[in-house]
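Accompanying notes for the structure given below.
The values are calculated or read from the model by the stated rules, or taken from the named source; none is laboratory data. Only a predicted model underlies this, so the values are computations on that prediction, with no experimental measurement involved. All Cβ positions, even for glycine, are placed from backbone atoms using ideal geometry, and neighbour counts span all protein chains on display. Just the protein is used for accessible areas: all its heavy atoms, side chains included, with ligands, DNA and RNA removed. Shrake-Rupley method; radii C 1.70, N 1.55, O 1.52, S 1.80 Å.
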Amino acid sequence: MNNHTLTVLEYPAILDRIVYHCRSVPGKRKATALRPSTDPININQNLDFISEMNDLFEFDGGPPSLEFGDLGVRLEEAASSGAIIEPKELLEYSILLKIVYDCRRLDKKYEKLNRMLSDLVYPESLHRQIDMSVDASGDIKDSASPELKKIRRELSLVKTKLDSQFEKFLRGKTASYLTDNLFTIREGRYVLPVREGDKGQVKGIIHDRSSSGVTFFIEPYETVELNNRHRELETSEREEINRILRQLSEMLFANIDELKKDIDILSRLDFVAGCSRLSRELKASRPLFSDDRRIDIINGRHPILILNFLERRKNEVEPLSLKLSDGSNVLVITGPNTGGKTVALKTIGILSLMAASGLFVPADKDSHFILFNDIFADIGDEQSIDSSLSTYSSHLSHIKTALDLAQPNSLVLLDELGAGTDPDEGSAIGQGIVEKLSRTDCFAVVTTHHGKLKALAGKVRGVVNGSMEFDTENLNPTFKFRMGVPGSSFAVEIARKLGLPEDVTRRAWELIDKKEQDLTRLITELNQKLARTENDREAAAALRLKYESLARIYVDKIEARDKEEKEYRKTQLRKTEEIVKKTQDELDQLLKKAKKSVADREAVRRIKKDVSVKLQQTREDLRQLTPVPDGQPASGLPGEMVYITGIDADGEVLEPADSAGRVRVKVGNVTMLTELKNLIRKDAAAKPGIASTIITDYAPEPGMDLDIRGLTFDEAEPLIQNYIDDAGNAGFETVTIIHGKGTGALRKKVQDFLAHNQRIASFRLGNWDEGSSGVTILVLKTD
């Protein structure tokens, strides 16, 4: 990829942003060296790293701090010169080793990043020795060596003695000879500031004199021995520190190869982190690469525009969507000035470069790109005085390079094709270039104002039109790209809006070729229709989203209600089972007593009475769980609305009671026979609040149906059998099983089961008003 193309497509600005996001000096250097590649293995590897780094930022806050300087280069320089590494620089190496330690402990779920870091070497003894020797401020610790600790302990004692001795001078008669009531240090020795006229009053060694000459710095003879020891200890301390620093430096030099390797790995990690920060900043997606020579950019945005808009807090960048393939590989974009043609051209180029560099791109995740061997771009005005090139000549120079070198796997981007010279000749040359690009079979995108180039679509193989939308009512560009639709420059309209005299713009319109006028009107009408269609589509999408959201809310409510109902039934059933079990246990105890007292007739009589009382109590407990409303018995006349006890359902009497006292009742979509004594007049019945279904394994609702949606067949089978048995015993003639439509698997198994059931006379799918294929209607056999 030539540097000219990278520059005009603003690729260096992308690298600068990655450099900004890197934390280490070597990481920034790697970012600067990034270039597009044609190797899919390397590209996908980098994309894998960025993808995992995005997850690391999202779920674990990102990698360890990767801030470190150019330590590898500095270490090599120090090793070659034999220099001693100073404490503050040692502290930098300690920070580096801590980063190595932390990175080796990265969560194992980040497999690819861990593979990148697998060759990190952590010299634990070196790290421990530096930490033991240098504190956070860059000073050498007492713990650096036993000898240093011993020297500093004695030095502290000597300083204490000197401080005490000189404090006595300040409190005694010597204080009257001093210029200030304090002592100081000159060349490592404690001294007193004595006035010039009193220097004979203080016996000692003169070490220095003030610049004004009025003060002499004198070391009293009484402290010479202590001062000598102080100087000796300071010298010993410096020598021991130098020895320690030399030792630590040698340890670093011994690990130089491992440290350089660590720095290279960490700088790679830092570079990936910088790429990840950029992708998160741009809200970018991982690019896909097509195997069928296809560019499919969906809602692509120019990254530099995004960054500029973020800084200025402006609205979103208008996205670009387009498709190019073997059958439509040369795109001619037309439209007004400042309408966004050049930005569209650059967006295609920069996104292709980013994808080829293994970077996430600001486009939808389903966008596809091609790994081009070359990208050629001629964008902007590069008139050169030094090389005697005009604007037109400069354009032709870059175009010639593209035409000479372009291959089928190349991308050519040409801005304002045919501009800068006579319009007719420029249009002719532009057509010749487009035809040449078509024959080359490369991918190309050109922008132009020449109307004749629009007409090449459909005439020259692979050429398709595209345009930038223009608001003809307000005479403003919308920056929206229209694939397959030619555009117009709208030069006369814009001139009229900008205030050019009316007679001038009217005359200009008259001078335009009639066919061109008709084409401009057609394009205007087409753009207006497309704009209305787009607005309608967006409004429809918004309504659909609204209704889908409402539907989801109601579905959630229904599911919650169903869940509560199931939980309620489970609770009631559990209570019933507890009552029955308790009763059974108590009856077993009574039977055991009866066996023991079989000879005692009176005892047996008492036990029978106890059993009777217990059964009656159990019935009462169950009745409280399954209350039956009080009310007037039904008359059993046809048309009477009744409540049917035992099944908690409402119905309508169809026929009078027969000789056996049985009445035919319609319940929902089914009919049943039941005894007249089970019916209560509807107007007098107070329907209970607790469903009377808890003593069976199913729960019939009004309409006499069994709902098994959401169950597997294995779960539903015992419920169906119990339901059929109880429905038959209750006198039902027809009942309904609701199994839902779905894939039909549950329906098939249910009907296979019904086909072999002895209590079923026949069955069928529901009619359209009964639930269609989501229900099966059963006709029960009657004895």
- Note on the structure: SASA check, GLU240, accessible area w/ 1.4 Å probe, all protein chains in place, rounded to nearest 10 Å², comes out at 20 Å²
- Message: Not counting ligands, DNA or RNA, and with a 1.4 Å probe, what is HIS127's accessible surface area in Å² rounded to the nearest 10?
- Response: 10 Å²
- Message: Going by amide H atoms built from the backbone, whose H comes under 5 Å of the H on THR179, apart from near neighbours?
- Response: VAL194, ARG195
- Query: Between their Cα atoms, which of LYS260/LYS283; LYS112/LYS261; LYS563/LYS741 are more than 26 Å away from each other?
  - Reply: LYS260/LYS283
- For LEU310 paired with ASP326, estimate the spin-label separation in nm (one decimal), with each label point 7 Å from Cα along the Cα-to-Cβ line. 4.0 nm
- Message: Can you compute 3J(HN,Hα) from phi for each residue in the stretch 118-124, using the Karplus curve 6.51 cos²θ - 1.76 cosθ + 1.60 with θ = phi - 60°, rounded to whole Hz and x for Gly and Pro?
- Response: 5, 8, 4, 10, 10, x, 4
- Task: Kindly provide the pair-distance distribution of the stretch 239-396 built from C-alpha pairs, with 10 Å bins from 0 and whole-percent values in order of increasing distance.
- Result: 9, 26, 24, 17, 10, 8, 5, 1, 0
- Item | J(HN,Hα) series, the stretch 151-162, from Karplus relation 6.51 cos²θ - 1.76 cosθ + 1.60, nearest Hz, glycine and proline x | 4, 5, 5, 5, 4, 5, 5, 5, 5, 4, 5, 4
- Can you put MET641, MET468 in order of accessible area, largest first, using a 1.4 Å probe? MET641, MET468
- Task: Pull out the extension gain between ASP424 and LYS161, defined as 0.36 nm times the separation in residues minus the alpha carbon to alpha carbon distance; nm, one decimal.
- Result: 84.5 nm
- Note on the structure: Check: C-alpha center the stretch 442-485 vs C-alpha center the stretch 738-764, spacing in Å is 61 Å
- Query: Relative to a virtual label point 7 Å from the Cα of SER137 in the Cα→beta-carbon direction, which members of the stretch 216-240 show backbone nitrogen distances below 12 Å?
  - Reply: none
- Given R₀ = 60 Å, FRET efficiency for ASP208-ARG104 by Cβ-Cβ distance, to 0.05? 0.60
- Task: Output ³J(HN,Hα) for the stretch 335-350: one whole-Hz value per residue in order, computed from phi by the Karplus curve 6.51 cos²θ - 1.76 cosθ + 1.60 with θ = phi - 60°, and x for Gly and Pro.
- Result: x, x, 4, 6, x, x, 5, 5, 4, 4, 4, 5, 4, 4, x, 5
- Note on the structure: Between the alpha carbon centres of the stretch 334-383 and the stretch 290-309 the gap in Å comes to 7 Å
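What FRET efficiency do you get for GLU239 and THR38 if R0 is 51 Å and r is their Cβ-Cβ distance, rounded to the nearest 0.05?
Working: r = 60 Å, r/R0 = 1.18.
Working from the Cβ atoms, E equals 0.25.
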- Leaving out ligands, DNA and RNA, what percent of the accessible area of the stretch 204-316 is carbon and sulfur, probe 1.4 Å? 46 percent
- Note on the structure: For PHE732, other-chain or 5+-apart residues with amide H closer than 5 Å (H placed, Pro excluded) are LEU673
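What does the highest-first list of 428-441, 294-307, 199-212 look like by mean Cβ count within 10 Å? List each step's numbers first, then the result.
On the way: 428-441: 18.2, 294-307: 20.1, 199-212: 13.1.
Packing order, densest peptide first, comes out as 294-307, 428-441, 199-212.
Taking only protein heavy atoms and a 1.4 Å probe, what accessible area per residue, in Å², does the stretch 134-189 have with all protein chains in place? Working shown, then result.
On the way: 3440 Å² over 56 residues.
Accessible surface, normalised per residue, equals 61 Å².
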- Query: Does the stretch 389-435 come out rounded, prolate or oblate by the C-alpha gyration tensor, with a ≥ b ≥ c the root eigenvalues, rounded set by a/c under 1.5 and, if not, prolate when a/b is larger than b/c and oblate if not?
  - Reply: oblate
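Report the full-extension gain for the segment SER773 to ALA13: residue separation times 0.36 nm, less the Cα-Cα distance, to one decimal in nm.
Working: separation 760, 0.36 × 760 = 273.60 nm, distance 6.26 nm.
Using 0.36 nm per residue and subtracting the Cα-Cα distance, I get 267.3 nm.
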- Note on the structure: On the formula 1/(1 + (r/R0)^6), with r taken between the Cβ atoms of ASP536 and ASN373 and R0 of 51 Å, the FRET efficiency rounded to 0.05 is 0.75
